[in-house]
1. Under 8 Å between Cβ atoms, at least 6 apart or on separate chains: pull out the pairs that start in the range 142-157 with a residue that is more than 22 Å from R210 (Cα to Cα) and free of Cβ contacts under 8 Å to residues at least 60 places away in the same chain and end on any residue that is among the hydroxyl-bearing types (S, T, Y) and surrounded by 13 or more Cβ atoms within 10 Å (Cβ to Cβ).
2. Taking the range 311-328 as the search range and keeping residues that are over 17 Å from the mean Cα position of the chain (by Cα) and part of a loop (DSSP other than H, G, I, E, B), which one is nearest to W451 (Cα to Cα)?
3. In the list A484, A488, which residue meets the criterion of being out of contact with any His (no Cβ under 6 Å at 6 or more places or on another chain), more than 22 Å from Y398 (Cβ to Cβ) and surrounded by fewer than 20 Cβ atoms within 10 Å (Cβ to Cβ)?
4. Looking at N325, N356, which is the one that is surrounded by 14 or more Cβ atoms within 10 Å (Cβ to Cβ) and more than 30 Å from E194 (Cα to Cα)?
5. Return the residue satisfying two criteria in turn: it lies in the range 136-156 and is at pLDDT 85 or above and surrounded by 17 or more Cβ atoms within 10 Å (Cβ to Cβ), and of such residues it is farthest from Q294 (Cα to Cα).
6. Considering only the range 448-476, state which residues are among the β-branched types (V, I, T) and under 12 Å from T407 (Cα atoms).
7. So W470 passes all but one of these: (1) of a type in the set (A, V, I, L, M, F, W, C); (2) modelled with pLDDT under 95; (3) buried (at least 17 other Cβ atoms within 10 Å of the Cβ). Which condition number does it fail?
8. Scan the range 281-309 for residues that are touching a residue at least 60 places away in the same chain (Cβ under 8 Å), in contact with a Lys or Arg (Cβ under 9 Å, 6 or more places away or on another chain) and under 23 Å from V148 (Cα atoms) and report the count.
Amino acid sequence: MMKKTFFVTTPIYYTNGIPHIWHSYSSLIADILFKYKKISGFDVKFCTWVDENSQKAVQKAEEENMPVWEYLDMMAEKHKKVWDWLGISYTDFIRTTEPRHHELVRKVLQKSFDNWDIYEWVYEWLYCVWCEAFKKDEDLIEKDWKKVCPDHLKEPDKIKEKNYFFKLSKYQDKILEFYEKNPDFVTPKERFNEVIAFVKRWLEDFSISRETNKFWIKLPFDESQVTYVWYDALFNYVTVCQNWDERFWPADLHVVWKDIIRFHAIYWPAMLMSVGYELPKQILTTGFFTIDWQKISKSLGNVIDPVEFCEKYSKDLLVLYLLSNFNIWQDWDFDQANAVLTYNAKLANNLWNLLNRATVLTMKLELQNGFENEKMDENILKNFEEYDKNFKIFFEKYELKAVLDSTFKFLDDLNLFVTETEPWKLMKQEENLEKAKNILYTICESLRQVWLNLYPFFPEKMSKLFETLWLQNYSLYLENGKLAELKAKKENFIIKEKPEILFEKFEI
């Protein structure tokens, strides 16, 4: 029987800089969802990429005194090193300069042109190289007596060119009809409502070519011009699904930043409709980080390197803070002190303290065959079943903060259960020894279930935690999609030694 498929994508990262902590946020979200679907038995695909067909890349190569191709090779390798160091489990890393992608882009451009969706026009406009987008005067802000882009604080270029335009306006009604039939196409709902309102006002045709640049993909119907931004970038999502991977399209989920949601929720559906491709199932929109309440931007120089941050603290600290302090779609300010406090409270104190209690007390019982024929405490079991049901619901809705909140709430309740039942006292009384054994088994089994749930977030540490309770080959089974089988398994928990400390506290 063929497995269900799940295809998740990150934003298409620009190649002109090394990924910073905001980029790692969207990649970690995609990675965690990918891992969850994988251990749940899905056939999975997870793609990340670099957009190399950009004017910024050419400019950066010139600044570095490097040939463009040499610069692009270097930056692609740097991007991969960041993701590999962070343990991002992508199945595909694609560059927009790859021949397979150029072939597809030229094919879809010709198809849109043949469908009368592309036309020629001479225009004059403002263009922000850093946004890779055209700007209207009302989009700009005033700074030092100049009109600048509000995101990059740079003056846009004035461009007058003969270009080819895509007839976005032609698809206004079809896009609105699609939205009506797919009410969860964009999440959160508030962001989707903004998109719908924008489409209802008026859709403006947009440029899909340039005549002054020669580096990008040549138009198949006019090789004096090259394609610009949206055809050569967005169709990356389809390129990786060509040939034997076609069953993964349409994508289940695009993870994107809120500043590119219009391009993904409006331009992208129209372009796909133009060439007869199915539309993606859902788009998850992240909010913005700020540092000291200033938007993170390479051009402003206020970025945090995610690798350096993890080397100073730990990847677990970064993941926990990014995913547990705010909902994915919210804007928030990155606070390193708060990140440390969150980690110390939830992982170093809550989870680790509970495991330490369980192992130390269980070893004192000297159980040769572990906990034979024990069952979980009825109240804790009922509590766990409610938590586990909500956990699955939250994950399917991509509400990762709620996933973590519910998990640590259950661990809080479990710590309270241990404190109130005092198994260390019961162990000293022969008549209460069975009660003590039941309490400790309940803790061990609850921890096992929680670790299975937390595996997509902290796979390396959860693998080591399984070993502390002598649970063999758990990671291997999970990587082969056996989550359901492991959750249903009965374990005796033969504990022979106190575990090494896996979650050290950090000083602020």
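The values are calculated or read from the model by the stated rules, or taken from the named source; none is laboratory data. Fair warning: this is a prediction, and the values are worked out from it, not measured in the lab. Ideal geometry is used to build each Cβ from the backbone, glycine not excepted, and the neighbour counts take in all protein chains shown.
1. Final answer for the pair search is none.
2. Going through the range 311-328, the residues over 17 Å from the mean Cα position of the chain (by Cα) turn out to be 311-314.
Narrowing further to those that are part of a loop (DSSP other than H, G, I, E, B): 313-314.
Working: Y313: 21, S314: 18 Å.
Among those residues, the one meeting the criterion is S314.
3. Working: A484 fails: more than 22 Å from Y398 (Cβ to Cβ).
Checking each option against the conditions leaves just A488.
4. Numbers: N325 fails: more than 30 Å from E194 (Cα to Cα).
Only one candidate passes the filter, namely N356.
5. P156
6. Pass one, the range 448-476, residues among the β-branched types (V, I, T): 450, 468.
Answer for the range 448-476, where residues must be among the β-branched types (V, I, T) and under 12 Å from T407 (Cα atoms): just V450.
7. Against the list (1) of a type in the set (A, V, I, L, M, F, W, C); (2) modelled with pLDDT under 95; (3) buried (at least 17 other Cβ atoms within 10 Å of the Cβ), W470 comes up short only on (3).
8. Here the count works out to 3.
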